[in-house]
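So the structure is just underneath, and the comments pick up after that.
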Amino acid sequence: MRAFIPDYQLFTPINLAAALELLASEPTRWRPFAGGTDLMVQLEAGKLRDTNYVNIWNLPDLRTFEVTETHVSLGALTTFTEIQSYAILREEFPMLCQAASETGGLAIQNRGTLGGNIVNASPAADSPPALLAYDAELELISINGGRWVPYHGFHTGYKEMIIRSDEMLSRIRLPRPSKDLQQYYRKVGTRKAQAIAKISFAATAETDGRKIEKVRIALGSVAPIPLRCVGTEKFLAGQGLNRSLSAAARLELAREISPIDDIRSTKDYRLQVSLNLLEDFLNNIGAAEFA
């Protein structure tokens, strides 16, 4: 069943201030509409429940790109194509660029936005695991000002977030990594292109050569939200790199995640592949080199 188009209203504000004023005036009625790559699918299927949208696609305030000595900041409307075009992102944040390159096809990458991928809140979205592993922060703005929040903790349940109905995601800020930061990203899907992830895995680590000093691990499609595996991180921090570490870490991750069966995969497959990717990540940072 297709949606009936006259039931929907799309308002295009003249600037960001006007958009925020509209959200504040009727905060439960209006929702931002950016690239629309997921919303249009829902519309075509007759499953788009909200009917009033604010078109933010042409707002330049949400298309910024800033680099400082400590951070890189991307506007919420940065597209996946644009992410791949920035040299500093390819050099310092390759996991995000890889996630962008594996998000849909070229048409989706040209239209889909990083902010939209976040607030659409799909647990199978491609960029959130990388953002969690990079310890990203989000700027949420309203007519009353802005606030920065850690991305870890932003999702509180399936399609639930801490963003208020009068707020809009404005920017995503990434702390610039050290040159020694090791990074690992894998997406497992039915095919190599234009596939929704069965599992996605992103991790970063700092080591002193024989010991893990800091580690962040994030997975997609294994929980109702993109998941930071803080229990496994705490277990690994301070551990020596040796052959027995992988087996112990697998047990820790198995206790932390509870995948489900759905149309794309089974819980047993998701669990096994997640554990295999963790082991491969540890092998990549040197765990298999030491007896």
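Bear in mind these aren't lab numbers, they're just calculated from the coordinates by the rules spelled out. Bear in mind that the values here come from a model prediction, so they are computed numbers and not experimental data. Ideal geometry is used to build each Cβ from the backbone, glycine not excepted, and the neighbour counts take in all protein chains shown.
Across the chain, C-alpha contacts under 8 Å between residues 6 or more apart give a mean separation that, scaled by the residue count, equals a relative contact order of 15 percent. Simple point charges give the picture: +1 on the Cβ of Lys and Arg, -1 on the Cβ of Asp and Glu, and for the stretch 182-289 a dipole about the Cα centre of about 280 debye. Relative protection proxy for 26-38, 153-165, from highest mean packing down: 26-38, 153-165 (other beta-carbon atoms within 10 angstrom). Dipole of the stretch 182-289 computed with +1 at Lys/Arg Cβ and -1 at Asp/Glu Cβ about the Cα centre; of Ile217, Gly240, Pro259, farthest Cα towards the positive end is Pro259. For the options Asp280, Asp261, Asp135, a Gaussian network treatment of the chain with springs between C-alpha atoms closer than 10 Å singles out Asp261 as fluctuating the most. Taking other residues whose beta carbon is less than 9 angstrom from the beta carbon of Gly240, and scoring Lys, Arg as +1 and Asp, Glu as -1, yields +2. Cut-off 11 Å, label point 7 angstrom out along Cα-to-Cβ of Asn52: give me the residues of the stretch 1-43 whose amide nitrogen falls inside. Hits in the stretch 1-43 for Asn52 at 11 Å: 9-11, 22-31.
Taking only alpha carbon atoms, the chain gives an Rg to Rh ratio of 0.99, where Rh is the Kirkwood radius.
Relative contact order of the stretch 8-55: 59 percent, from C-alpha pairs under 8 Å at least 6 residues apart in sequence.
Placing unit charges on the Cβ atoms only, positive for Lys and Arg and negative for Asp and Glu, gives the chain a dipole magnitude near 600 debye about its Cα centre. Extending 7 Å from the Cα toward the beta-carbon at both Ile162 and Lys214 defines two label points whose distance is 2.0 nm.
The number of Lys pairs in the chain with C-alpha atoms less than 28 Å apart, excluding pairs fewer than 8 positions apart on the same chain, is 26. Here the stretch 8-55 is assigned +1 on the Cβ of each Lys and Arg and -1 on the Cβ of each Asp and Glu. Its dipole about the Cα centre then comes out at about 100 debye. Peptides 105-111, 83-89, ordered by how many other C-beta atoms sit within 10 Å of their residues on average, highest first, read 83-89, 105-111. Taking a sphere under 12 Å around the Cβ of Ile260 and counting the other residues whose Cβ falls inside, with K and R at +1 and D and E at -1, yields a net charge of +1.
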